[in-house]
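Peer 1: One structure is given below, represented as structure tokens, and several questions about it will come after.
The values are calculated or read from the model by the stated rules, or taken from the named source; none is laboratory data. Only a predicted model underlies this, so the values are computations on that prediction, with no experimental measurement involved. Neighbour counts are summed over all protein chains in view; Cβ atoms, including those assigned to glycine, are modelled from backbone coordinates with ideal geometry. The accessibility values were calculated without ligands, DNA or RNA, using every heavy atom of the protein model including side chains. Shrake-Rupley method; radii C 1.70, N 1.55, O 1.52, S 1.80 Å.
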Amino acid sequence: MRGTMRRPVCLIGLAFVVIIRFYLYLFPLPEPDLEWADRKKVTLTGQVEKKEYRISNQKEVLVIYLKNVQTYHPQLQISGVICYMDTKEEPCMGSYVKVQGKLRTFAQATNPGEFDAGRYYQILGLQARLQNAVICSETPYYDKLREGLYKIRCYFSVLIDACYTEKDASVMKAVLLGEKSSLDEEVKMLYQLNGVIHILSISGLHISIIGMGFYKILHRCRCPMAPAVFGSIAFMYCYGVMTGMSISALRAVMMFAFHIAAGLFGRTYDMLTAMTVSAVTVLLQQPLYLYHSGFLFSFGAVLAIGLFLPVLSENLLRETKYEKVMAASLSVSFITLPVYLCFYYEYPLYSLLLNLLIIPGTSVIVYDGLCALTMASCCLPLGKYAGLPAHFLLSAYEICCALTLKLPGSRNILGKPEDWQIILFAAVAVIVVFASEKWTKLQFWLCILFAVMSLTLRTGNGLQITVIDVGQGDGIYIADEKGGHYLIDGGSSSKSDVGTYQILPFLKAEGVDSLDAVFITHMDSDHYNGIASLIEQMNQNGVMLKCLILPDIGEGSKGDKYREFVELAGDQGIAVQYIHKGDVLRHGKLKLTCLHPEQGTEQETNAASVVLYLEYEAFTALFTGDLEGSGEESVRRQLEHRAVSGNTQITLLKAAHHGSGNSTGEAFLKTVMPEIVLISAGKDNRYGHPHEDLLQRLSQAGCRVYMTTEGGALTVTYRNGRVRMETFVGD
């Protein structure tokens, strides 16, 4: 097994990781239930673990992280909290403080693809945050080492601001100090889309440059080996603490310690053994790091270099120097592919080439940053001149990244793989590493291709309908067996920028890179503002809109927003079509018929809502927008004259107007007789949706009712004659 049996620590570590992962799958750690305390004023005591400044509501705010938290309420059980301070009075690192503020819970993901802040902060040992917090008292004793390191970091941060432009300074502070709170958002997105965001994290490259540099200085000063080794390890530990000791930094510091100490004890350094010990150490402290992207990327990259690269190097087609250079980048890309798809749902293909250019340059940037800091400490103008090489390199990086995004195939939205796909990929990768010694090169590369295809192919078939949880609003996604993707509405009055944070991540997780048609039922903001965001950022977000379909109403009913939307779509090159009663869209087995409104109707917004009737084999569905009153009666009469499999029963009804008490009347229900009713509404909304009267009517009609307020995203699939209902929350 290519020497693995000579690494018992690696085998034990692997078994440990598998057991932990299997245990967490069977018995997920419960998330804290703090909804009852949300928005309440609380007082608590905790130890200052970290502090930084962030931009919140367009102003700089001091943020402190507290651990070992004790509360003054028996039901409030939390161990870590983030405090957004109302003042800039800084407590000392390691001191215990008594703070008071408004408790806020972290948002939980309620849609596929949506960022789960609750799970993310739970991994970091944080369960809540305090807004407008103030310090009531602070202990006089504190951690002098960590407070000193924090002050050094602040001093270096000021020097970096003085030596570089604002944009360059934000990158240099991330690269050298692990300070990402001030990172320029445009640069961050540019690096992320190109798959080179890792250069902004403290990693093995930074630790080896700084750590080995410090060790060589001690060695040249004729420091004995033992003090030089332990002094270097202590120095790098302090550097890690100063920069926040991220997962990648912790891993790098531990592996550096193994590397530098190996010679002292007369041992040979083994990268995989050092990595295994580091991973087990991290997981013993927090098993949930198995779900953390930083952990998976960092350790996955080391695993790729130590385990997969030697195998790949043996199977290079021509073994030229260029292929050997590409091999390392290809190895890391292959092993971390599942991580990319699970967290970003897309893969930057050209990152293979960009990393070859950027990673060597990152060493220059680190050296230049250290040189600039050293010179600026003595003479500020010298520091500014010393920072010029990094400025030119960072500018070149931006140009390369921007040009790469314009190349065909730069954005590959592949969707989030299912668990069985990840398991299959991992199994194939293991086979390739441990059983390919006697394979031909062709067999090796065919196996690699199979692994990639097994991870990236979408397996869905039949019909899928998902009511996205957009809060108080509507957003309905439809996919058919022919690869058609459609969206009916997309907006919210309770969630900010719903297009960016709910709709777009959902589409990417589903592997959607283009929408064949987007329907807007009517021009209320809770039905269109998310779509407006998608259109405005279409060239950046990677999801194309082919056609926008609006209600075909009279000029007097259109209004300014309607006309602005037409203009916005035209500016982005999106075809605009208009729909009215009798229009039909067909694609494969899917048929969408418009039942409302009449062409050129002059009605108020809700009354003119587009109503779509879906047919797919024996499955039928009705999407009603915010329809009420006379419009609902008109649709009811049309449905009475329709015959679907000998009756008028609808399989699925999307309840109108978010479950308003004035919609989906008794007569309408008797005609439609829906088996399943889906309601999209915001939790604790001020309108009282869904209304109790409607819920009672649906119960009396024998409908199965599902609400986004309880189940998050609601998905109905129809495959092989079977209807399946899934809720995202609680599944």
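Peer 1: Can you run phi through the Karplus equation (6.51, -1.76, 1.60; θ = phi - 60°) for region 560-576 and list ³J(HN,Hα) in whole Hz, with x for Gly and Pro?
Peer 2: Computed from phi, the couplings for region 560-576 are 5, 4, 4, 5, 4, 5, 4, 5, 4, 4, x, 5, 8, x, 8, 5, 10 Hz.
Peer 1: Another question, then. For a label point 7 Å from the Cα of GLU437 along Cα→C-beta, name the residues of region 281-318 whose backbone N is under 19 Å from it.
Peer 2: 306-316
Peer 1: Sort HIS206, HIS259, HIS657 by accessible area with a 1.4 Å probe, largest first. Don't skip to the end; give the middle numbers.
Peer 2: On the way: HIS206 0, HIS259 95, HIS657 35 Å².
So, going from the largest accessible area down, we get HIS259, HIS657, HIS206.
Peer 1: Per q in 0.13, 0.22 Å⁻¹, report the Debye log10 I(q)/I(0) for region 622-731, using one uniform scatterer on each alpha carbon and no solvent.
Peer 2: Values returned for q = 0.13, 0.22 Å⁻¹ are -0.48, -1.28.
Peer 1: A further question on this structure: Considering the dipole of the chain built from charges on the beta carbon (Lys and Arg +1, Asp and Glu -1) around the Cα centre, which of LEU354, GLY511, LEU457 is farthest to its positive end?
Peer 2: LEU354
Peer 1: Right, something else. Quick one: which residues, 5 or more positions from HIS522 or on another chain, have an amide H under 5 Å from its amide H? H modelled 1.01 Å from N in the peptide plane, none for Pro or chain starts.
Peer 2: VAL610
Peer 1: Moving on to the next point. At q = 0.10 Å⁻¹, work out log10 I(q)/I(0) for region 320-458 with the Debye formula, treating every Cα as an identical point scatterer and leaving solvent out; two decimals please.
Peer 2: The calculated log intensity ratios at q = 0.10 Å⁻¹ are -0.51.
Peer 1: Pulled fully out, how much extra length does the chain show between ILE359 and ARG458, if you take 0.36 nm times their separation in residues and subtract their Cα-Cα distance?
Peer 2: Numbers: separation 99, 0.36 × 99 = 35.64 nm, distance 3.26 nm.
Net length gain for the segment: 32.4 nm.
Peer 1: In addition: Given points 7 Å out from each Cα along the Cα-Cβ axis, report the SER630 to TYR687 separation in nanometres with one decimal.
Peer 2: According to this spin-label approximation, the distance is 2.1 nm.
Peer 1: Based on Cα coordinates alone, diagonalise the gyration tensor for region 313-378, multiply each eigenvalue by 5, take square roots, and list the semi-axes in whole Å, largest first.
Peer 2: After scaling each eigenvalue by five and taking roots: 31, 19, 8 Å.
Peer 1: Moving to a separate point now. Give a quick list of trypsin sites (Lys or Arg not before Pro) in region 247-334 that DSSP marks as loop, anything other than H, G, I, E or B, with at most 13 other Cβ atoms within 10 Å.
Peer 2: Working: sites: ARG251, ARG267, ARG318, LYS321, LYS324; in loops: ARG267, ARG318.
Those that pass, being in a loop and sparsely packed, are ARG267, ARG318.
Peer 1: Restricted to Cα positions, what overall size does region 226-282 have along the principal axes? Three whole-Å values, descending.
Peer 2: 32, 25, 12
Peer 1: If you don't mind, there's one more thing I want to ask. Based on the Cβ-Cβ distance from ILE399 to ALA107, what FRET efficiency comes out when R0 is 35 Å, to the nearest 0.05?
Peer 2: Numbers: r = 36 Å, r/R0 = 1.04.
Efficiency at R0 = 35 Å is approximately 0.45.
Peer 1: Counting only the heavy atoms of the protein chains, how much of SER410 is accessible to a 1.4 Å probe, in Å² to the nearest 10?
Peer 2: Per-residue accessible area (SER410): approximately 10 Å².
Peer 1: Taking all protein chains as present, what is the carbon and sulfur share of the accessible area of the chain, in % to the nearest whole number, probe 1.4 Å? Each step should come with its number before you reach the end.
Peer 2: Values: 19390 of 33930 Å².
Of the solvent-accessible surface of the chain, carbon and sulfur hold 57 percent.
Peer 1: Over the chain, what is the percentage of antiparallel beta bridges among all DSSP beta bridges, to the nearest 5? Don't jump to the answer; show the numbers that get you there.
Peer 2: Working: 70 of 97 bridges.
In the chain, DSSP labels about 70 percent of beta bridges as antiparallel.
Peer 1: From the P(r) of region 547-589, could you give the percentage of C-alpha pairs in the tail past 15 Å?
Peer 2: Values: 439 of 903 pairs.
Cα-Cα pairs in region 547-589 separated by more than 15 Å: 49 percent.
Peer 1: Can I ask one more? Using 5 Å bins from zero, what percent of all Cα-Cα pairs in region 1-117 falls into each bin?
Peer 2: 2, 9, 14, 15, 14, 13, 10, 9, 7, 4, 3, 1
Peer 1: Hey, if we sort ILE207, ILE305 by accessible area with the 1.4 Å probe, largest down, what's the order?
Peer 2: Working: ILE207 0, ILE305 60 Å².
Putting ILE207, ILE305 in descending order of accessible area: ILE305, ILE207.
Peer 1: Assuming R0 = 22 Å, can you tell me the calculated FRET efficiency for the pair ALA117 and ARG719, based on Cβ-Cβ distance, to the nearest 0.05?
Peer 2: Rounded to the nearest 0.05, the efficiency is 0.10.
Peer 1: Using only the alpha-carbon atoms of region 442-485, report the extent along each of the three principal axes, biggest first, to the nearest angstrom.
Peer 2: Largest to smallest, the principal-axis extents are 54, 22, 10 Å.
Peer 1: Among the listed pairs LYS180/LYS495; LYS40/LYS683; LYS416/LYS683; LYS98/LYS495; LYS180/LYS683, give every one whose C-alpha distance is greater than 21 Å.
Peer 2: Details: LYS180/LYS495 25 Å; LYS40/LYS683 18 Å; LYS416/LYS683 27 Å; LYS98/LYS495 33 Å; LYS180/LYS683 33 Å.
Violating the 21 Å Cα-Cα cut-off are LYS180/LYS495; LYS416/LYS683; LYS98/LYS495; LYS180/LYS683.
Peer 1: With the Cα gyration tensor of region 399-482 in hand, give its eigenvalues times 5 under a square root as the equivalent ellipsoid semi-axes, listed largest first in whole angstrom. Before the final figure, lay out each step's value.
Peer 2: Details: eigenvalues 232, 92, 29 Å².
Equivalent ellipsoid semi-axes, largest first: 34, 21, 12 Å.
Peer 1: Now a separate question. Excluding same-chain residues fewer than 8 positions from LYS581, which lysines have a Cα within less than 27 Å of its Cα?
Peer 2: Partners found: LYS482, LYS546, LYS558, LYS561, LYS589, LYS591, LYS654, LYS670.
Peer 1: Averaged per residue, what accessible surface does region 651-703 expose to a 1.4 Å probe, in Å²?
Peer 2: Values: 2300 Å² over 53 residues.
With the other protein chains kept in place, region 651-703 gives 43 Å² per residue.
Peer 1: Label points 7 Å out from Cα along the Cβ direction at VAL584 and TYR141: separation in nm?
Peer 2: Simple spin-label model gives 8.2 nm for this pair.
Peer 1: Principal axis lengths of the chain from Cα atoms, whole Å, largest first?
Peer 2: 96, 70, 50
Peer 1: Hull surface divided by four, with the convex hull built on the Cα atoms of region 137-218: how many nm²?
Peer 2: Working: hull surface 32.0 nm².
Mean projected area for region 137-218: 8.0 nm², to one decimal.
Peer 1: While we're looking at this one, here's another question. Can you tell me how much longer the chain between TRP420 and VAL158 gets when fully stretched, taken as 0.36 nm per residue apart minus their C-alpha distance, in nm with one decimal? Working shown, then result.
Peer 2: Numbers: separation 262, 0.36 × 262 = 94.32 nm, distance 4.92 nm.
89.4 nm is the gain from fully extending TRP420 to VAL158.
Peer 1: Moving to a separate point now. Write down the accessible area per residue of region 176-279 in Å², having rolled a 1.4 Å probe over the full set of protein chains. Please list the in-between numbers first.
Peer 2: Numbers: 4660 Å² over 104 residues.
That works out to 45 Å² per residue.
Peer 1: Right, next: Please give the direction-averaged projected area of the C-alpha convex hull for region 450-563, in square nanometres with one decimal. Present the calculation step by step, with values, prior to reporting the outcome.
Peer 2: Details: hull surface 32.0 nm².
One quarter of the hull surface, i.e. the mean projection, equals 8.0 nm².
Peer 1: Quick check: with the 1.4 Å probe, what order do THR605, THR243 take by accessible area, largest first? Walk me through the intermediate numbers first.
Peer 2: Values: THR605 55, THR243 10 Å².
Ranking THR605, THR243 by accessible area, largest first, yields THR605, THR243.
Peer 1: Taking region 364-433, how much of its Cα-Cα pair set, in percent, is spaced more than 20 angstrom apart?
Peer 2: Roughly 62 percent, once rounded to a whole number.
Peer 1: Tell me the relative contact order for region 468-589 as a rounded percent, counting alpha carbon contacts under 8 Å between residues six or more apart.
Peer 2: Working: 225 pairs, mean separation 29.0, N = 122.
Relative contact order of region 468-589: 24 percent.
Peer 1: For region 61-175, what's the relative contact order in percent, using C-alpha pairs closer than 8 Å and at least 6 residues apart? Intermediate values should be presented prior to the final figure.
Peer 2: On the way: 170 pairs, mean separation 31.3, N = 115.
Relative contact order of region 61-175: 27 percent.
Peer 1: Under the 0.36 nm per residue contour assumption, what length would be gained going from the current alpha-carbon distance of GLN70 and LYS151 to full extension? Don't skip to the end; give the middle numbers.
Peer 2: Values: separation 81, 0.36 × 81 = 29.16 nm, distance 2.73 nm.
Value of the extension gain: 26.4 nm.
Peer 1: Something else now. How big is the charge dipole of the chain about its Cα centre, in debye rounded to the nearest 20, if each Lys and Arg gets +1 on its Cβ and each Asp and Glu gets -1 on its Cβ?
Peer 2: Magnitude of the dipole: close to 3160 debye.
Peer 1: Rg and Dmax of region 183-266 over Cα atoms: what are they, in angstrom?
Peer 2: Over region 183-266's Cα set, Rg and Dmax evaluate to 15.2, 49 Å.
Peer 1: What nm distance separates the two modelled labels at ARG54 and PHE16, each placed 7 Å from Cα along Cα→Cβ?
Peer 2: The answer from the label model is 3.2 nm.
Peer 1: Per residue, how many Å² of accessible area does region 495-636 show with a 1.4 Å probe?
Peer 2: Details: 5250 Å² over 142 residues.
Per-residue value: 37 Å².
Peer 1: Further, regarding this structure: Tell me the trypsin sites (Lys or Arg not before Pro) within region 505-578 that lie in a loop according to DSSP and have at most 13 other beta-carbon atoms within 10 Å. Don't skip to the end; give the middle numbers.
Peer 2: Numbers: sites: LYS508, LYS546, LYS558, LYS561, ARG563; in loops: LYS546.
Here the sparse-neighbourhood loop sites are LYS546.
Peer 1: Moving to a separate point now. Using Cα pairs under 8 angstrom and six or more residues apart, how large is the relative contact order of the chain, in percent?
Peer 2: Values: 1350 pairs, mean separation 62.7, N = 731.
Relative contact order for the chain comes out at 9 percent.
Peer 1: Of all the Cα-Cα pairs you can form in region 269-393, what percent are over 18 Å apart?
Peer 2: Values: 5180 of 7750 pairs.
So the pairs more than 18 Å apart make up 67 percent of the total in region 269-393.
Peer 1: Would you calculate, for the chain, the mean residue ellipticity at 222 nm contributed by helices, counting each DSSP H stretch of 4 or more residues as -39,500 (n - 2.57) and dividing by all residues, to the nearest 500?
Peer 2: Numbers: 25 runs with 332 residues, N = 731.
One gets -14500 deg cm²/dmol as the mean residue ellipticity at 222 nm.
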